[in-house]
1. I'm trying to understand the selection: among the residues of segment A:64-100, which are more than 25 Å from B:THR359 (Cα to Cα) and in a loop (DSSP other than H, G, I, E, B)?
2. In segment B:132-147, is there at least one residue being in contact with a helix residue (DSSP H, G or I) (Cβ under 8 Å, 6 or more places away or on another chain) and within 17 Å of B:ALA193 (Cβ to Cβ)?
3. Can you tell me which residue among B:ILE317, B:ILE322 is free of Cβ contacts under 8 Å to residues at least 60 places away in the same chain and surrounded by fewer than 22 Cβ atoms within 10 Å (Cβ to Cβ)?
4. Would you point out the residue of segment B:582-602, among those that are assigned to a strand (DSSP E or B) and within 10 Å of chain A (Cβ to nearest Cβ), that is surrounded by the fewest Cβ atoms within 10 Å (Cβ to Cβ)?
5. Within segment B:560-581, take every residue that is more than 33 Å from the chain's Cα centre (by Cα) and not acidic (Asp, Glu) and give me the one that is nearest to the other protein chains (Cβ to nearest Cβ).
6. On the given criteria, is A:ARG70 modelled with pLDDT of 90 or more, over 21 Å from B:ALA387 (Cα atoms) and crowded, with 19+ Cβ neighbours inside 10 Å?
7. Tell me whether segment B:159-178 contains one or more residues that are of a type in the set (Gly, Ala, Ser) and away from every other protein chain (no Cβ under 14 Å).
8. Considering only segment B:469-483, how many residues are surrounded by fewer than 16 Cβ atoms within 10 Å (Cβ to Cβ) and touching a helix residue (DSSP H, G or I) at 6+ places or on another chain (Cβ under 7 Å)?
Amino acid sequence: MNALRVMLLVSGLCTALPAFAVQPDEILPDPALESRARELSRQLRCMVCQNQSIDDSDAPLARDLRLLVRERLSAGDSDRQVLEFLTARYGDFVLLNPRFSARTALLWLTPVVVFGAGAVVAIIFLRRQRGARGGEGDPGREAALSTQERARLDDLLKPGP
Amino acid sequence: MTAEIGHYALVLALLLALIQGVLPIAGVRLRDSVLAGTGEPLAIAQFGFVAVSFTALTACYVTSDFSVFNVFQNSHSEMPLLYKFTSVWGNHEGSMLLWVLILAFFGALVALFGGNLPATLRANVLGVQAWIAISFLLFVLLTSNPFVRLAQVPLEGRDLNPLLQDIGLALHPPFLYLGYVGFSIAFAFAVAALIEGRIDAAWARWVRPWTLAAWIFLTLGIALGSYWAYYELGWGGWWFWDPVENASFLPWLSGTALLHSAVVMEKREALKVWTILLAILTFSLSLVGTFLVRSGVLTSVHAFATDPARGVFILAILIVFIGGALALYAWRAPLLRQGGVFAPISREGALVFNNLFLTAACATVFIGTLYPLALEALTGDKISVGAPFFNATFVPLALPLLFATPFGPLLAWKRGDLYGAAQRLTAAFAIAVLVAAATAALTTGGPILAPFAIGLAVFVMAGALTDLVERTQLLRQRWPVAWRRAAGLPRSAFGTALAHFALGVTLIGIVGESYFTAERISTIRPGDTIAISGYRISFEGLVARQGANYREVSGRLSVRRDGDLIGILTPGKRTYPARGNSTSEAALLTRGFSQIYVSLGDPNPDGSAAMRIYHKPMVLLIWLGALLMAVGGLLSLSDRRLRVGAPKPARKPALQPAQ
């Protein structure tokens, strides 16, 4: 599906020029600061692109944002402050990792709820299975697979007529 | 004339599909075997006419007939012949025609090789298949006709998007569609079973080869697309959690769940209701993917609102098929009788575990992909959901599943012995711990999580081998005995082991690429040398050359290790004058499973150029793993038991030891 991604890219504002995201002249002299800048860049969206981080994008806007991130970091901002600064300016759209809020609760909770609900259903299903087998009043697991069960199994496994 | 033949053939195919959608099912209702048997010739003829149509469009492309609007927009007379072929599906209209072609192809395959199916099931399946064909043929003919002519014939075409002029991308859509559309067969089987209100283990046996074949193609299609993005987009990323990628990943996840639950159904007649639901959901996700990609909704919700014809049409198809199938399911599924019972700790239990995690992972990707669209459409608020979200939600679901993978095949059907399975995995676990410790020792000061992930990958791989070792009793018996046992194992056992092994292979690649990639970004002049991961890379200068329909500037770099020359890299930048845009051609040097990756930026007048140089350790394992998964699937598919057209087996499988 990447083909289509590219078609979208091309039709969008992003140039389809070979992505050459971070330019040599942007890199900060301090490697620790630079690596923080790269880490932050991966969490920020290039807002004129199709789902690209500013670290990946070669759009002029992404470059401006990368420089801005580095500027703030050099000025002594913490990672959190940089993200807050950018969110205040550009809105939540700039964050690739949406913050938990009333608007995104459904998004963040869905994985948990689906997994939890699925687990409950699976457990009930598996328990019922056990109940079905221990139908003779004995919920013990081992006993149920004795004579009647065996007979029924043999019957089931008999080749068809 | 050629275009008109193609158009006309497509209309005829639609008429045939309309008949095929009614007669066979009516035949089953009226208990008229002649009527019910009309499905097969109709499906084959329908495929024939769609094939004629597709061939006609291809002919227009090969002969560069620019009077056809679609050819004019996407082709160029100087383009290499290969890309004249592949540009047929390098655009919306052509790729939808390919979609329909593959749909008809699968229908024809059922007609040709479905001889072992009960006549009523076959008739119903072909009927349902025809309904899907009708809706997509209508979609092509009414909203996306590739055969439209231009009144004034242009002299030259607008060329194919240069990024698509690449062999990896040429093959990507057909593979992907073979997967996407292949799941329509599982869907048709599920709906047919619901119509009949009867379903048994044999159903699962018939539906599995089709699902498996679709899954193999989808796996390869996704891997091809990923590798293409890696070398063509120029920054060495291989997965972006982009909505378009997710659109192909969703049916893969649920298709994988379907493969596993169908095993339970075939062997034990359990999980019937669930398996039917998964079959419906998997193809529904294929349809959702088609909607996402083809409606334009991803570019912008507003773009969709201003030109809604295509989007609304696919949305309507989506609602009719998903809604219809689910309604039928709600009505009929309670009639299906539940089959064999089993203890929570058993092979069946393990496969339930597998399905739980895969389904939750699928739901996670689904909500992450659609939530921003839904939120914007409903409230106008714009948010982004990108890689960090998926890393935070998908990965925690994937890791326990990977850890559990080796246990599944070691548990017996009905009642397993978890402690026994764990005991047999002790060796695998020990090897994993050793490798993880060695990784940690070798990369001191590196990422803390990486050794754990490598350990997990090794555990999955060694665990998959453990299954084979146990079943052949390789270490307990003499070689000839083990060999005989190996020869006696069904091929699907090797297929399972290989596919599970491949998961570990891919994981190692992912860990290597994500945690240990080295990167140098700098402007270098001819004569400069860059050191990276023990290699010394010297820039020798820039060369310009003229290609068939592009100009290229490429850099020449020599790669040395310990003073020995081991390769020359020539990363390039191509400019395509027809469209005025350019592509980057990254240069790759493969060493074992690792690669050196160089991408060229803008050259400066003084001969220097910006370059990105990466060393990506183990990166090839990502795609090698996917390839091995597909080979594992192929091995299973070649199992006599599943082979298409194999003689109808006994009603119940005989006792199979150690299965």
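1. A:ALA75, A:GLY76, A:ASP77, A:SER78, A:GLY91
2. Within segment B:132-147 (the criterion being in contact with a helix residue (DSSP H, G or I) (Cβ under 8 Å, 6 or more places away or on another chain) and within 17 Å of B:ALA193 (Cβ to Cβ)), the answer is yes, since at least one residue qualifies.
3. Unique residue meeting the criteria: B:ILE322.
4. B:ASP602
5. Here the residue is B:PRO577.
6. Judged against the criteria, A:ARG70 is a match.
7. Scanning segment B:159-178, I find no residue that is of a type in the set (Gly, Ala, Ser) and away from every other protein chain (no Cβ under 14 Å), so the answer is no.
8. The qualifying residues number 2.
The values are calculated or read from the model by the stated rules, or taken from the named source; none is laboratory data. Everything quoted here is computed from the prediction, not taken from an experiment. Positions of Cβ are backbone-derived with ideal geometry, glycine not excepted, and every protein chain shown enters the neighbour counts.
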